[in-house]
Amino acid sequence: MLAGFVPWPEELAQKYREEGYWRDVTIGGLLTVWADAYGDRVAVTAGDHRLTYRELDSWAHRLTGGLRRLGIAPGDKVVVQLPNVLEFLPVFFALCRLGALPVLALPAHREHEIGALTALTEATAYVIVDQDLGFDYRNLARQVTQRVPGLKHVMVAGDAAEFVPLAALDTPDGHETAAGDTAGRPTAPEPSGPEDVAFFLLSGGTTGQPKLIPRTHTDYAYNLRASSEVCELDRRTVYLAALPVAHNFALGCPGALGTLHAGGRVVLARDASPDHAFALIEEEGVTMTALVPPLAMLWMQAVEWLDDDISTLRLLQVGGSKLPAEAARRVRGSLGCQLQQVFGMGEGLLNYTRLDDPDELIATTQGRPLSPADELKVVDEDGREVPVGATGQLLTRGPYTLRGYYLAGDHNFTAFTADGHYRTGDLVRLLPNGYVVAVGRTKEVINKGGEKVAAEELENELLAHPAVHDAAVVPFPDPAFGERICAFVVVAPGRGLSHADAVDFLVSRGLATYKLPDRLERLDALPLTTVGKVDKRQLTERVSTMLAGPETAG
Ligand code: OOB
């Protein structure tokens, strides 16, 4: 078993097997099953390119051989940073079949994040696209390879420059084909089994260090299968991946993989802008998609001025941060489709409103757990369960919720209870009907419209600036994003630091753009609580009051 992975205790594992949550499947094996079942149906489209299930399967198969010949071995960690391009799924499946472990980075990540991830996992390879949305990932790869000597291979979708083109790995291998079954697939068993780690998702994080979420074949297979069922996907489903498929929501909730499970078709969008997405909805007859709240609100405005026909859209999933009830109530009238609220996390637990729930329940709650085997507890600050309906921190465990972050022993000690419940850091109310209402957080993470920024990480980066003596990062309310980021800094005497200076500095440090502070406020000293900790509540109130002032309106 992978060192640094915390498995479920055998007693629970056995229950999950017996009750049918965990089946004898691997992620790579699922693709084989789907290719056999859905053959020549179109599985995925990206721009003008399309792949049938069979083509996807054989591309993944050829890549598995190519990656192996390049020297990628079972157990190797491979950072995959691909936007929604056609190569994403073949690369993902090929690595899983090889027993190498994809580490799914987001397209928005930069040198700071990729460097940290690569170092933490001791990744030997990195997969990128040449360029996307005006950003050249090959420059990023140059920086990362300089910084992390262990990174041996960089593979590129598109024009590879000095790196390895993915196309060069896409070559038939006579030996493997000869040993394979009639479809040309190898008959040799995959090196990694159903209960092994298949890949890593990135956590939104609570500290300065990145946290990796190990997902096993069988847990994720259940995640995508059960999600596909709850969302009632079938062969007619056309799923628009508008959010990055590297994120759990668009990958397996039910996302791209849940759609393939049902025999539907995945349409990969370059971005989630209404102009692009609406055109794709009309052209491809998209029936469902998933968005974060700011995008859902933007789409509801855009229908007023765009005249694409989006009438095929039946289901809009919204999650990642809280969707205000007023916005939720407008979805049907505005976009002409059903809303589903999703309260989920890369760590596992997913809550969905059900398609036949009454509209008010859908508008005012964040759904109920996906699985009958999900265990949820809401506790007060002392860890005692609160009465039904009262607010407290959500703790959870279940058949697809991690038991520990990868290689994070000390952190796991606080992030999990002794009996293996994950402390979500989310403040919720649990209603008598089992539905969850998201209320807030205990963790120091800013949720900017679904994008998670750990306060500590940004504070550490600000503290690296020579003029900064002290720094504290807090959220402030925003009508579109729910929250935005305010950095309070104490600068050395005689030194100045403008918002623009800070942003330039953070960008030069290679920080992802979504983590940049929206406001910077200077203070002579940070306020402290009676026990001497930075008083973040006071800072949050201070920025909210400043914003309520007449001169800062808008
Ligand atoms: C999704 O996953 P992550 O890992 O990026 O973020 C998880 C955190 C949750 O702990 C919670 O704080 C917040 O995001 N969150 C929500 C929410 N959905 C997620 N807060 C309020 N309302 C919601 N509906 O964000 C994610 C993963 C899978 C599916 C959907 C979202």
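The values are calculated or read from the model by the stated rules, or taken from the named source; none is laboratory data. It should be emphasised that the depicted structure is a prediction, and the values quoted were computed from it without experimental measurement. For neighbour counting, all protein chains shown are included, and Cβ atoms are generated from backbone atoms with ideal geometry for every residue, glycine included. All accessible areas refer to the heavy atoms of the entire protein, side chains included, with ligands and DNA or RNA removed. Shrake-Rupley method; radii C 1.70, N 1.55, O 1.52, S 1.80 Å.
Starting from the Kirkwood Rh over alpha-carbon pairs, what translational D in µm² s⁻¹ does the chain have by Stokes-Einstein at 10 °C and 1.306 mPa s?
For the chosen part, D equals 65 µm²/s.
Can you tell me which of 20-30, 38-48 comes out highest on packing, and rank the rest after it, using the mean Cβ neighbours within 10 Å?
Final packing ranking: 20-30, 38-48.
How large a share of the accessible area of the chain, in percent, is made up of carbon and sulfur atoms when the probe is 1.4 Å and the other protein chains stay in place?
52
Counting DSSP beta bridges in segment 447-546, what percent are antiparallel, to the nearest 5?
75
With θ taken as phi - 60° and the coefficients 6.51, -1.76 and 1.60, list the Karplus ³J(HN,Hα) couplings across segment 203-220 in order, rounded to whole Hz; mark glycine and proline as x.
Result, rounded to whole Hz: 7, x, x, 10, 10, x, 9, x, 10, 10, 9, x, 10, 7, 3, 6, 5, 6.
At q = 0.11 Å⁻¹, what is the log10 ratio I(q)/I(0) for segment 11-270, with the Debye formula run over Cα points and no solvent?
Results for segment 11-270 at q = 0.11 Å⁻¹ read -0.56.
Beyond 17 Å, what share of the Cα-Cα pairs of segment 202-351 remains, rounded to the nearest whole percent?
The proportion of pairs with Cα distances above 17 Å equals 59 percent.
Just to be sure I understand: of the beta bridges DSSP finds with both ends in the chain, what percent are antiparallel, rounded to 5?
Among the beta bridges of the chain, antiparallel pairing accounts for roughly 55 percent.
Just want the answer: with Cβ charges of +1 for Lys and Arg and -1 for Asp and Glu, which residue in Thr237, Val303, Ala167 is farthest toward the dipole's positive end in the chain?
Ala167
What do you get when you divide the Cα radius of gyration of segment 1-146 by 2.2 N^0.38 Å, with N the number of residues?
Here the Cα radius of gyration is 1.18 times the empirical estimate.
About the Cα centre of the chain, what is the dipole size in debye to 20, counting +1 per Lys and Arg Cβ and -1 per Asp and Glu Cβ, all else neutral?
520
Given the pairs Lys377/Lys448; Lys443/Lys515; Lys77/Lys211, which span a C-alpha to C-alpha distance of over 24 angstrom in this model?
Lys377/Lys448
What list of ³J(HN,Hα) couplings, whole Hz, do you get for segment 142-158 from phi and the Karplus terms 6.51, -1.76, 1.60, once you set θ to phi - 60° and write x for glycine and proline?
Each residue's phi maps through the Karplus curve to give 4, 5, 5, 5, 5, 7, 10, x, x, 7, 8, 10, 10, 10, 10, 7, x Hz.
How big is the gap, in Å, between the Cα center of segment 395-429 and the Cα center of segment 1-62?
25
Could you order peptides 407-418, 392-403 by the average number of other Cβ atoms within 10 Å of their residues, highest first?
Per-residue Cβ counts within 10 Å, averaged per peptide and sorted highest first, yield 392-403, 407-418.
Viscosity 1.002 mPa s, temperature 20 °C: Stokes-Einstein D of segment 447-546 from its Kirkwood Cα radius, in µm² per second?
For the chosen part, D equals 156 µm²/s.
In degrees from 0 to 90, rounded to the nearest 10, what is the angle of the helix 536-548 Cα long axis to the longest principal axis of the chain?
Orientation of helix 536-548: about 80 degrees from the principal axis.
For segment 368-441, what's the radius of gyration and Dmax over Cα atoms, in angstrom?
12.3, 38
Can you find, among Phe488, Val80, Leu67, the residue farthest towards the positive end of the dipole of the chain? Put +1 on the C-beta of Lys and Arg, -1 on that of Asp and Glu.
Positive-most Cα among the choices belongs to Phe488.
What FRET efficiency comes out for the pair Val303/Leu355, r = Cβ-Cβ distance, R0 = 30 Å, nearest 0.05?
Efficiency, from the Cβ-Cβ distance: 0.85.
Going by alpha carbons, how many degrees (0 to 90, nearest 10) lie between the helix axis of 27-38 and the longest principal axis of the chain?
Orientation of helix 27-38: about 60 degrees from the principal axis.
Provide the packing ranking of 65-72, 224-231, 254-261, i.e. peptides ordered by the mean count of other C-beta atoms within 10 Å per residue, highest first.
254-261, 224-231, 65-72
Counting only Cα, what are the radius of gyration and maximum Cα-Cα distance Dmax of segment 295-345, in Å?
According to the Cα coordinates of segment 295-345, Rg and Dmax are 11.0, 35 Å.
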